[in-house]
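The values are calculated or read from the model by the stated rules, or taken from the named source; none is laboratory data. Remember, predicted model here, so these are calculated numbers, not experimental data. Positions of Cβ are backbone-derived with ideal geometry, glycine not excepted, and every protein chain shown enters the neighbour counts. Quick note on the areas: whole protein, heavy atoms, side chains included, nothing else; ligands and nucleic acids left out. Shrake-Rupley method; radii C 1.70, N 1.55, O 1.52, S 1.80 Å.
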Amino acid sequence: MRGRVSLRALPLACTLLCLGHLPSSLALVPVTPGRARAPLVSRGSWTAGASQLRLGPRRRGLLATAQRPGVAGLAARVEGGQLLHAVYSVPDVKQAAEFYGDCFGMSTSRTNDAGDTFVSFGPDAGGAFFALKFVASAGEAPAGSVVTGAVLCVPDVEEALRRAEELGGEVVTPADTVSLLPSLVPDEPMDAPRTEVKRGVVQDPWGYRVELLEEAGRRDPVDAVVLSVADLDASISYYSDSLGMTLHRKRSLLPIETALTGRLSYQPSEADGAVVELRYNYASKDHHAGDATCHFAVAVPSVTDAVGQLDQDGAPVAEVVSGPGTPLTGVGEQVAIVQVIDGVRVALIDQLEALTAAI
């Protein structure tokens, strides 16, 4: 079709050149903000029915060998997963929970036997609402670490930024309405209508970035947990082919940030719940996994099958840090911590234990 240019066809060198030669049509587009809308979820007034838990069938045969579109050969992968939470290492768990509550409207959903605190926009039982898990650590801010922050939807970006700054956060990017470039996946033409979003970025007192999107009406306002990666394509392949996630979108963040992202989850679409956003930043020179026991957690129908499949030939080898049957304080025995690509540590938790631990 005339006038249709695929970003996928552009080599990386051309993308980098664009950093210094952006056409005016790709510049940030200021728009007068509209009237703020009331938040969808009120703190302290949660409700959850069984239909929200999204638990897959408890069965063997969790893992399958399948031909994935656009991937040569067969890939062994985990099936039936559900994202549960991301792990934040902070020196003061209580203070962190209060900061995210006062600034963004999250509430403490539970505290486990180890003293870890989970905050979310609703009950996190079985992954019904994605949670941030605060773990006490004497470490410093996570400069260069894998989990760099989260993307949250709020009814009023400017108000959330103001509150965060008052409580010790640092505004990185003031509220503004910007136009996003067309996606690489799905392949969108350059002349497609641009998606406009009002956003702002704040860094919390412990060094984690919080990207705020002005949007009301999301069942779960946690849009994504952001992981820094050294090789975006290799990471996308691993998360989809081995961990069984679906790639919903891949796009450049130019001209907002000099980064490429891939958004994946176990849901049918990125609008159905929180996603893992893999982000490659051109300017990043420091990339390490850190010493965290776990970076994020996934509920699976069978932990034993999941670990066995990840160790099979045909899938990148995952180092099992602790295997099924090893008690993990605050969770249970049907848990495995596997170290995957880039040193990321993923907790695989039995679906029923994930549900009962959250009650």
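General remarks:
- Test result for R77, touching an Asp or Glu at 6+ places or on another chain (Cβ under 7 Å), closer than 17 Å to P301 by Cβ, open to solvent by 70 Å² or more (accessible area, probe 1.4 Å) and at pLDDT below 90: no
- Restricting attention to region 256-268, the residues being under 14 Å from the mean Cα position of the chain (by Cα) and either closer than 20 Å to I349 by Cβ or at pLDDT below 95 (or both) number 4.
- Candidates L232, L184, L260, L213 - the one that is under 23 Å from F129 (Cα atoms) and either out of contact with any helix residue (DSSP H, G or I) (no Cβ under 8 Å at 6 or more places or on another chain) or open to solvent by less than 40 Å² (accessible area, probe 1.4 Å) (or both): L213
- Every condition in (1) touching a strand residue (DSSP E or B) at 6+ places or on another chain (Cβ under 9 Å); (2) open to solvent by less than 30 Å² (accessible area, probe 1.4 Å); (3) not aromatic (F, W, Y) is met by A192 except one, and the failing one is (1).
- Within this structure, A175 passes the test of being within 30 Å of V90 (Cβ to Cβ), open to solvent by less than 40 Å² (accessible area, probe 1.4 Å) and at pLDDT 95 or above.
- Flag if P142 is open to solvent by less than 50 Å² (accessible area, probe 1.4 Å), at pLDDT below 95, more than 26 Å from V87 (Cα to Cα) and touching a strand residue (DSSP E or B) at 6+ places or on another chain (Cβ under 8 Å): no
- Here G200 meets each of (1) at pLDDT below 95; (2) open to solvent by less than 30 Å² (accessible area, probe 1.4 Å) with one exception, condition (1).
- When the residues of region 117-139 are filtered to those that are open to solvent by 10 Å² or more (accessible area, probe 1.4 Å) and among the aliphatic types (A, V, I, L, M), the one that is modelled with the lowest pLDDT is A138.
For (1) within 12 Å of the chain's Cα centre (by Cα); (2) not in a loop (DSSP other than H, G, I, E, B); (3) not aliphatic (A, V, I, L, M), each residue gets a yes or a no:
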| site | (1), (2), (3) |
| --- | --- |
| R219 | no, no, yes |
| V225 | yes, yes, no |
| A230 | no, no, no |
| S235 | no, yes, yes |
| S240 | no, yes, yes |
| L243 | no, no, no |
| L247 | no, yes, no |
| L254 | no, no, no |
